[in-house]
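Visitor: One structure is given below, represented as C-alpha coordinates, and several questions about it will come after.
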Amino acid sequence: MNNELKKIDDEVFSCMLCEDLVEKFDNETTIHIGSYKDIILIGEAPANNGWRKSHKLWRDINGKILPSGVVLQKLFDIINRDIFETTFLESVKCFPVNRKNLKICSHNCKNIMMKQIEVLNPKIIITLGEFPTRSLLDFKFSKFGDVVGNIYEVNGYKVLPIYHPSPISPKSYKGNVPIFENLKIYINN
(Lines give C-alpha, C1' and ligand atoms only; values in the text may rest on other atoms or scores of the structure.)
Protein backbone atom coordinates (compact mmCIF):
# COMPACT_ATOMS: atom_id res chain seq x y z
CA MET A 1 0.00 0.00 0.00
CA ASN A 2 1.31 3.43 -0.82
CA ASN A 3 2.02 6.07 1.84
CA GLU A 4 -0.92 8.29 0.88
CA LEU A 5 -3.41 5.46 1.42
CA LYS A 6 -1.70 4.52 4.69
CA LYS A 7 -2.08 8.12 5.92
CA ILE A 8 -5.77 8.04 5.01
CA ASP A 9 -6.16 4.79 6.96
CA ASP A 10 -4.45 6.41 9.95
CA GLU A 11 -7.02 9.21 9.70
CA VAL A 12 -9.83 6.60 9.77
CA PHE A 13 -8.37 4.78 12.76
CA SER A 14 -8.13 8.02 14.76
CA CYS A 15 -11.55 9.37 13.67
CA MET A 16 -14.13 9.86 16.43
CA LEU A 17 -17.04 11.36 14.43
CA CYS A 18 -19.25 8.28 14.79
CA GLU A 19 -17.80 7.06 18.08
CA ASP A 20 -21.18 6.18 19.63
CA LEU A 21 -22.63 4.74 16.40
CA VAL A 22 -20.00 2.24 15.28
CA GLU A 23 -17.71 -0.52 16.40
CA LYS A 24 -14.14 -0.07 15.31
CA PHE A 25 -12.23 -3.22 14.48
CA ASP A 26 -8.61 -4.10 14.12
CA ASN A 27 -8.19 -4.46 10.37
CA GLU A 28 -4.83 -3.25 9.12
CA THR A 29 -6.48 -1.22 6.38
CA THR A 30 -9.84 0.05 5.14
CA ILE A 31 -9.02 -0.74 1.53
CA HIS A 32 -8.26 -3.88 -0.44
CA ILE A 33 -5.77 -3.19 -3.22
CA GLY A 34 -6.20 -5.67 -6.03
CA SER A 35 -4.15 -6.11 -9.15
CA TYR A 36 -7.00 -4.44 -11.07
CA LYS A 37 -7.05 -0.74 -10.33
CA ASP A 38 -9.01 0.53 -13.33
CA ILE A 39 -12.26 -0.55 -11.65
CA ILE A 40 -12.87 -0.09 -7.96
CA LEU A 41 -15.81 -1.38 -5.98
CA ILE A 42 -17.36 0.66 -3.21
CA GLY A 43 -19.45 -1.22 -0.69
CA GLU A 44 -21.81 -0.02 1.98
CA ALA A 45 -19.98 -0.86 5.22
CA PRO A 46 -17.86 -3.75 6.52
CA ALA A 47 -19.94 -6.93 6.67
CA ASN A 48 -20.50 -8.09 10.21
CA ASN A 49 -19.64 -11.70 9.40
CA GLY A 50 -17.09 -10.84 6.70
CA TRP A 51 -14.19 -8.41 6.45
CA ARG A 52 -14.87 -7.07 9.95
CA LYS A 53 -14.18 -10.43 11.59
CA SER A 54 -12.26 -12.45 8.99
CA HIS A 55 -10.00 -9.58 7.87
CA LYS A 56 -10.44 -11.02 4.38
CA LEU A 57 -12.47 -9.52 1.59
CA TRP A 58 -15.65 -11.46 0.67
CA ARG A 59 -14.86 -14.28 3.15
CA ASP A 60 -16.19 -15.36 6.52
CA ILE A 61 -14.00 -16.33 9.48
CA ASN A 62 -13.71 -19.89 8.12
CA GLY A 63 -12.47 -18.65 4.74
CA LYS A 64 -15.73 -19.48 2.96
CA ILE A 65 -16.84 -17.00 0.29
CA LEU A 66 -19.81 -14.99 1.52
CA PRO A 67 -23.07 -15.23 -0.47
CA SER A 68 -22.67 -11.65 -1.74
CA GLY A 69 -19.19 -12.54 -2.96
CA VAL A 70 -20.54 -15.58 -4.83
CA VAL A 71 -23.14 -13.43 -6.63
CA LEU A 72 -20.63 -10.67 -7.37
CA GLN A 73 -18.10 -13.15 -8.77
CA LYS A 74 -20.75 -14.54 -11.14
CA LEU A 75 -21.28 -10.99 -12.37
CA PHE A 76 -17.55 -10.37 -12.62
CA ASP A 77 -17.21 -13.54 -14.69
CA ILE A 78 -19.13 -11.63 -17.38
CA ILE A 79 -16.27 -9.10 -17.58
CA ASN A 80 -13.56 -11.74 -17.07
CA ARG A 81 -12.43 -10.37 -13.71
CA ASP A 82 -11.84 -11.77 -10.26
CA ILE A 83 -13.41 -9.95 -7.32
CA PHE A 84 -10.42 -10.83 -5.16
CA GLU A 85 -8.15 -9.01 -7.62
CA THR A 86 -10.38 -5.93 -7.77
CA THR A 87 -9.66 -2.92 -5.59
CA PHE A 88 -12.37 -2.47 -2.97
CA LEU A 89 -13.30 -0.01 -0.25
CA GLU A 90 -16.33 0.78 1.85
CA SER A 91 -18.27 4.06 1.95
CA VAL A 92 -18.55 3.61 5.74
CA LYS A 93 -15.20 2.65 7.24
CA CYS A 94 -16.33 1.22 10.58
CA PHE A 95 -19.13 -1.19 11.48
CA PRO A 96 -22.42 0.66 12.21
CA VAL A 97 -24.03 -0.98 15.22
CA ASN A 98 -27.46 -0.02 13.89
CA ARG A 99 -28.29 0.17 10.16
CA LYS A 100 -30.33 3.32 10.74
CA ASN A 101 -27.01 5.12 11.30
CA LEU A 102 -25.62 4.27 7.84
CA LYS A 103 -26.71 7.65 6.45
CA ILE A 104 -24.93 9.60 9.21
CA CYS A 105 -21.82 7.42 9.05
CA SER A 106 -21.75 7.59 5.26
CA HIS A 107 -21.88 11.38 5.44
CA ASN A 108 -19.07 11.44 8.00
CA CYS A 109 -16.87 9.11 5.92
CA LYS A 110 -17.42 10.77 2.54
CA ASN A 111 -14.33 13.00 2.71
CA ILE A 112 -12.13 10.01 3.52
CA MET A 113 -13.70 7.92 0.74
CA MET A 114 -13.09 10.75 -1.74
CA LYS A 115 -9.42 10.96 -0.69
CA GLN A 116 -9.03 7.22 -1.32
CA ILE A 117 -10.69 7.53 -4.74
CA GLU A 118 -8.41 10.43 -5.65
CA VAL A 119 -5.29 8.41 -4.83
CA LEU A 120 -6.58 5.34 -6.72
CA ASN A 121 -7.78 7.36 -9.75
CA PRO A 122 -9.90 4.56 -11.28
CA LYS A 123 -11.39 4.43 -14.77
CA ILE A 124 -14.75 3.47 -13.28
CA ILE A 125 -16.26 3.15 -9.80
CA ILE A 126 -18.94 0.53 -9.20
CA THR A 127 -21.12 1.29 -6.19
CA LEU A 128 -22.74 -1.72 -4.54
CA GLY A 129 -26.22 -0.65 -3.55
CA GLU A 130 -27.98 2.45 -2.42
CA PHE A 131 -25.84 3.85 0.44
CA PRO A 132 -22.52 4.13 -1.40
CA THR A 133 -24.39 5.44 -4.43
CA ARG A 134 -26.17 8.16 -2.45
CA SER A 135 -22.89 9.05 -0.78
CA LEU A 136 -21.03 9.43 -4.06
CA LEU A 137 -23.55 10.92 -6.49
CA ASP A 138 -23.77 14.67 -6.22
CA PHE A 139 -27.51 14.85 -6.87
CA LYS A 140 -30.60 13.57 -5.09
CA PHE A 141 -32.73 10.80 -6.54
CA SER A 142 -35.97 9.37 -5.21
CA LYS A 143 -35.77 5.74 -6.33
CA PHE A 144 -32.52 3.79 -6.44
CA GLY A 145 -33.79 1.86 -9.46
CA ASP A 146 -33.78 5.13 -11.42
CA VAL A 147 -29.98 5.43 -11.23
CA VAL A 148 -28.91 1.77 -11.36
CA GLY A 149 -27.01 0.83 -14.50
CA ASN A 150 -26.34 4.40 -15.62
CA ILE A 151 -22.85 5.89 -15.65
CA TYR A 152 -22.50 9.26 -13.95
CA GLU A 153 -19.62 11.70 -13.87
CA VAL A 154 -18.66 12.76 -10.34
CA ASN A 155 -15.58 14.93 -9.77
CA GLY A 156 -14.10 13.60 -13.01
CA TYR A 157 -14.77 9.94 -12.14
CA LYS A 158 -17.24 7.59 -13.82
CA VAL A 159 -19.66 6.05 -11.31
CA LEU A 160 -21.80 3.00 -12.11
CA PRO A 161 -24.42 2.09 -9.48
CA ILE A 162 -25.49 -1.57 -9.35
CA TYR A 163 -27.93 -3.49 -7.19
CA HIS A 164 -26.25 -4.81 -4.07
CA PRO A 165 -25.09 -8.37 -4.74
CA SER A 166 -26.69 -9.74 -1.56
CA PRO A 167 -28.78 -12.81 -2.41
CA ILE A 168 -31.62 -11.39 -0.30
CA SER A 169 -32.07 -8.72 -2.98
CA PRO A 170 -34.29 -10.03 -5.79
CA LYS A 171 -32.23 -8.05 -8.33
CA SER A 172 -28.78 -8.96 -6.97
CA TYR A 173 -27.93 -11.19 -9.92
CA LYS A 174 -30.60 -10.97 -12.63
CA GLY A 175 -30.99 -7.21 -12.28
CA ASN A 176 -27.23 -6.70 -12.63
CA VAL A 177 -26.53 -9.07 -15.56
CA PRO A 178 -27.47 -6.53 -18.27
CA ILE A 179 -25.35 -3.90 -16.50
CA PHE A 180 -22.30 -6.15 -16.57
CA GLU A 181 -22.92 -7.10 -20.20
CA ASN A 182 -22.81 -3.38 -21.03
CA LEU A 183 -19.82 -2.88 -18.75
CA LYS A 184 -17.89 -5.54 -20.66
CA ILE A 185 -18.33 -3.51 -23.84
CA TYR A 186 -17.43 -0.27 -22.03
CA ILE A 187 -14.18 -1.52 -20.46
CA ASN A 188 -13.03 -3.17 -23.69
CA ASN A 189 -13.25 0.13 -25.59
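The values are calculated or read from the model by the stated rules, or taken from the named source; none is laboratory data. Keep in mind that this is a model prediction, so the values were computed, not measured. Virtual Cβ from ideal backbone geometry, glycine too; neighbours counted across all protein chains shown. The accessibility values were calculated without ligands, DNA or RNA, using every heavy atom of the protein model including side chains. Shrake-Rupley method; radii C 1.70, N 1.55, O 1.52, S 1.80 Å.
Visitor: So if I check each of S142, S166, which one is closer than 20 Å to G50 by Cα, open to solvent by 10 Å² or more (accessible area, probe 1.4 Å) and part of a loop (DSSP other than H, G, I, E, B)?
Guide: S166
Visitor: I'm told N111 meets every condition in (1) surrounded by 15 or more Cβ atoms within 10 Å (Cβ to Cβ); (2) over 27 Å from F180 (Cβ atoms); (3) modelled with pLDDT of 90 or more except one. Can you identify the failing condition by its number?
Guide: Unmet for N111, out of (1) surrounded by 15 or more Cβ atoms within 10 Å (Cβ to Cβ); (2) over 27 Å from F180 (Cβ atoms); (3) modelled with pLDDT of 90 or more: (1).
Visitor: I would also like to ask the following. Count, please, the residues in the stretch 71-87 that happen to be more than 19 Å from I185 (Cβ to Cβ) and either free of Cβ contacts under 8 Å to residues at least 24 places away in the same chain or not in a helix (DSSP H, G or I) (or both).
Guide: 3
Visitor: When residues of the stretch 44-58 are filtered for being in contact with a strand residue (DSSP E or B) (Cβ under 7 Å, 6 or more places away or on another chain) and either open to solvent by 70 Å² or more (accessible area, probe 1.4 Å) or in a helix (DSSP H, G or I) (or both), how many remain?
Guide: Number of matching residues: 1.
Visitor: Here's something else I'd like to know. Which one is most open to solvent (accessible area, probe 1.4 Å) among residues in the stretch 116-139 that are farther than 21 Å from Y36 by Cβ and acidic (D, E)?
Guide: Per the criteria, the residue is D138.
Visitor: Considering the stretch 95-108 alone, what residues qualify as being hydrophobic (A, V, I, L, M, F, W, C) and open to solvent by 20 Å² or more (accessible area, probe 1.4 Å)?
Guide: Within the stretch 95-108, F95, V97, I104 qualify.
Visitor: Still on this structure, please answer the following. Go over the candidates G149, G175 one by one and state the one that is of a type outside the set (K, R), open to solvent by less than 30 Å² (accessible area, probe 1.4 Å) and modelled with pLDDT of 95 or more.
Guide: G175
Visitor: Continuing with the same structure: Output the qualifying pairs, or none if there are none: Cβ atoms under 8 angstrom, residues six or more apart or on different chains, first residue in the stretch 147-163 and farther than 14 Å from M114 by Cα and in a strand (DSSP E or B), second residue of a type in the set (K, R) and open to solvent by 30 Å² or more (accessible area, probe 1.4 Å).
Guide: Sorted first by the residue in the stretch 147-163, then by its partner, the pairs are Y152/K158.
Visitor: Continuing with this model, one more query. Which numbered condition in (1) farther than 26 Å from V177 by Cα; (2) touching a strand residue (DSSP E or B) at 6+ places or on another chain (Cβ under 6 Å); (3) surrounded by fewer than 20 Cβ atoms within 10 Å (Cβ to Cβ) is the only one that I33 fails?
Guide: (1)
Visitor: Could you check how many residues of the stretch 19-43 are outside any loop (DSSP other than H, G, I, E, B), more than 19 Å from I83 (Cα to Cα) and charged (D, E, K, R)?
Guide: Within the stretch 19-43, residues that are outside any loop (DSSP other than H, G, I, E, B), more than 19 Å from I83 (Cα to Cα) and charged (D, E, K, R) number 1.
Visitor: Find all pairs meeting these conditions: Cβ atoms under 6 angstrom apart; at least six residues apart or on different chains; first residue within the stretch 39-51 and over 17 Å from T127 (Cα atoms); second residue open to solvent by less than 40 Å² (accessible area, probe 1.4 Å) and in a loop (DSSP other than H, G, I, E, B).
Guide: N49/D60; G50/L66; W51/L57
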